[in-house]
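For reference, the structure is listed below as structure tokens.
The values are calculated or read from the model by the stated rules, or taken from the named source; none is laboratory data. This one's a predicted model, so the numbers in the text were calculated from it and none came from an experiment. Using ideal geometry, Cβ is built from the backbone for each residue, glycine included, and neighbour counts are taken over all protein chains shown. Surface areas here come from the heavy atoms of the whole protein model, side chains and all, with no ligands, DNA or RNA. Shrake-Rupley method; radii C 1.70, N 1.55, O 1.52, S 1.80 Å.
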Amino acid sequence: MAQLQKSIDKRTALLKATLSLVNNGGIQGASMAKVAKMANVSPATIYLFFENKQDLVNQLYLDVKASFAQAAFKEYNPSQPVKVNFEQIWFNMAKFKLDQKEEASFLSQCDNTPMIDEETRQQGLQHLTPLFDLWTQGIEQGVIKNLSPYLLYAFTIYPMAFLMNMNCKGLCHLDEKLQQKAFQAAWDSIKV
């Protein structure tokens, strides 16, 4: 049992080190040697858990995406009206991005890198199924514009990510009032 916990701890340390290095130097700056050193393990230990750097980054992506989805769908109730559910999810996502800055920054970087393979990207998208299902429900009810989920995401979630990045850089203070305005703009962009 102690050996299993030690193994879990090493894997966790490797993922945390990768998260930190990617956020501070980009994906290319997170060499396996740096990851091992930061995680305080031998470089060979990495290969007990991950095939290569791409596998390491992909696994970190899936772990962070799962945490993001868990936060996004907290208190989600499918029996609520579409707008109420979308608002709950949107604000949960915003809270995650504000509270989990390292993870949010990592996910943003992953949106723009070929390091995340297509299979992993598709697995990550599966975590967002409740949101896509909600949009389908909204389209069927005539509440949301009949657009692809990618367009709906682009109009509602990406602008939030941009605002969170500007907030982190100190260029925009995201108080409650501004968050409410941002949500309303997101909703207005997709509602019928």
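Using only side-chain charges placed at the Cβ, +1 for Lys and Arg and -1 for Asp and Glu, the dipole size of the chain relative to its Cα centre rounds to 480 debye. Full extension of the chain segment joining Tyr158 with Lys16 gains 48.6 nm, where the gain is 0.36 nm per residue of separation less the Cα-Cα distance.
Mean residue ellipticity, 222 nm, helices only, the chain: the sum of -39500 (n - 2.57) across DSSP H runs of n ≥ 4, divided by residue count and rounded to 500, is -23500 deg cm²/dmol. Tell me which of Trp90, Val35, Leu131 sits at the most positive position along the dipole axis of the range 1-140, charges placed on C-beta atoms (Lys, Arg +1; Asp, Glu -1). Farthest towards the positive end: Val35.
Ordered by solvent-accessible area of protein heavy atoms (1.4 Å probe), largest first, the residues Cys110, Cys172 come out as Cys172, Cys110. Over the range 71-155, the ratio between the Cα radius of gyration and 2.2 N^0.38 Å evaluates to 1.16.
Divided by 2.2 N^0.38 Å, where N counts the residues, the Cα radius of gyration of the range 36-192 comes to 1.15. Between Phe132 and Leu171, the FRET efficiency from the beta-carbon distance, with R0 = 25 Å, is close to 0.20. Each residue, Ala185 and Glu102, gets one label point 7 Å from its Cα in the Cβ direction; the gap between the two is 3.0 nm. Using C-alpha pairs below 8 Å separated by at least 6 residues, the relative contact order for the range 70-138 is 37 percent. Surface calculation, 1.4 Å probe, protein heavy atoms: Lys191 sits at approximately 80 Å² accessible. Listed by chain and number, the lysines whose alpha-carbon sits under 25 Å from that of Lys177, ignoring those within fewer than 8 places in the same chain, are Lys74, Lys83, Lys95, Lys97, Lys101, Lys169, Lys191.
Of Glu140, Glu102, the order by accessible heavy-atom surface (1.4 Å probe, DNA, RNA and ligands excluded), from most exposed downward, is Glu140, Glu102.
Could you work out the relative contact order of the chain? I mean the mean sequence separation of Cα pairs under 8 Å and 6+ apart, divided by the number of residues, in percent. Result for the chain is 19 percent.
Against the main long axis of the alpha-carbon atoms of the chain, helix 129-140 sits at an angle near 20°. Ranking Ala185, His173, Thr156 by Cα position along the charge dipole of the chain, where only Lys, Arg, Asp and Glu carry charges on their C-beta atoms, puts His173 farthest toward the positive end. Over all pairs of different C-alpha atoms in the range 1-105, the reciprocal of the mean inverse distance, the Kirkwood hydrodynamic radius, equals 15.3 Å.
Computed from Cα positions, the angle between helix 101-110 and the longest principal axis of the chain comes to roughly 90 degrees.
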